[in-house]
Amino acid sequence: MNLSDCRVLLTGASGGIGQALATQLVAEGARLLIIGRQLTPLKELADKYPGKVDLVQADLTLREGRDAVSAAAQRFGGLNTLINAAGINSFNLLDHQDEAEIAAMINLNVTSTLQLTHRLLPLLRQQGRALIVNLGSTFGSIGYPGFTTYCASKFALRGFTEALRRELADTPIRVLYFAPRATRTAMNASHVVAMNDELNVSMDDPQRVARQLIDAIVREREESYLGWPEKLFVRLNSLLPKMVDSALRKQLPTIQRFARSKHQENKP
């Protein structure tokens, strides 16, 4: 896809990767409709790039939020790229999470993404060529302790992407799955960064992630996984899951220590 031809609807535009991606897309000539729950970062982008960026402040977990986005997309005209980047994360042992937290993560990361994509498919079908890009995660292929709900949501998103790609195989719409590894954004709190440092887990800069995502869009690469050894672990987990079990078992005491310390800090 030629970026100068892209008319992009980007969800999660107020987040770290979303902000970096929006800036780089505009620099490459794309026209953007950015979506997020936080108005200030959206407005900063729109003010910085007048005539190139439109915004909608909306909560995608609410029907009225999806209604607002759908109406704006119709007014936007010629939408040919949907980037589903909205999502939330939480590092916690499952028995320390409450039901509302679990439901909120699944609702935004999975349910709302499917519902919004369903709403926008008719607009994408009107184009001679279109893309749907789902922002996944390495944790959509590797179940990782302390991120059980987040992993469940990203495994679901990966399955949705695969199924939708096959469902739309006879249409002009291409469906891409892009899976970063750990990234230095506000989504990863300080105790997660500290744990990753102790475990020697690399964390990417959001600008770097955005650049690679843009490359995947240009090349229309169906699946992209970032980082080494994360790429290897994704492959090993599909072929030799017991080997990955063994590697993560060694990390488990450290993961539990950080998760439990966070839980104690959050107690009233």
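The values are calculated or read from the model by the stated rules, or taken from the named source; none is laboratory data. In this text the structure is predicted, and so the values were computed from the model without any measurement. All Cβ positions, even for glycine, are placed from backbone atoms using ideal geometry, and neighbour counts span all protein chains on display. Note: accessible area is taken over every heavy atom of the protein model, side chains too, but ligands, DNA and RNA are not part of it. Shrake-Rupley method; radii C 1.70, N 1.55, O 1.52, S 1.80 Å.
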Lys pairs under 27 Å by Cα in the chain, provided they are eight or more residues apart or on distinct chains: 9
Cut-off under 5 Å, modelled amide H: who pairs with V8 long-range: R31, L32, L33
Approximate shape of the chain as ellipsoid semi-axes (Cα gyration tensor, √5λ), whole Å, largest first: 31, 20, 17
Fully extended contour minus Cα-Cα distance, from R257 to R221, at 0.36 nm per residue: 9.1 nm
Surface share of carbon and sulfur [accessible, 1.4 angstrom probe, percent] for the chain: 51
Tail weight of P(r) past 16 Å, computed on alpha-carbon pairs of segment 37-96, percent: 59
Label-point separation, A100 to K242 (7 Å along Cα→Cβ), nm: 4.4
Nearest-10 value in Å² for the accessible area of R125, using the 1.4 Å probe: 130
FRET efficiency, 1/(1 + (r/R0)^6) with R0 41 Å, evaluated for Q38 and L93 via beta carbons: 0.90
Taking all pairs of distinct alpha-carbon atoms in segment 55-160, Kirkwood radius in angstrom: 14.8
Cβ charges +1 (Lys, Arg) and -1 (Asp, Glu), total dipole of the chain, debye: 340
Inverse of mean 1/r across different Cα pairs in segment 178-223, Kirkwood, Å: 11.7
Two-site FRET efficiency, A186 against Q126, from Cβ-Cβ distance with R₀ of 30 Å, rounded to 0.05: 0.25
Inter-probe distance in nm under a simple model that places probes 7 Å from Cα toward Cβ, at R249 and E198: 2.1
Shape metrics for segment 140-268, restricted to C-alpha atoms - Rg then Dmax, Å: 16.6, 55
Accessible-area ranking of E101, E230, largest first, probe 1.4 Å: E101, E230
Tail beyond 19 Å, pair distance distribution of segment 77-229 (Cα, percent): 55
Between segment 34-67 and segment 194-268, the alpha-carbon center distance in angstrom: 29
GNM flexibility winner over the chain from D95, D245, D205 (Cα, springs under 10 Å): D95
Relative packing of 191-201, 84-94, 206-216, 157-167, which averages over residues the other C-beta atoms within 10 Å, highest first: 84-94, 206-216, 157-167, 191-201
Translational diffusion coefficient (Stokes-Einstein; Kirkwood radius from C-alpha pairs) of segment 2-115 at 20 °C, 1.002 mPa s, in µm²/s: 146
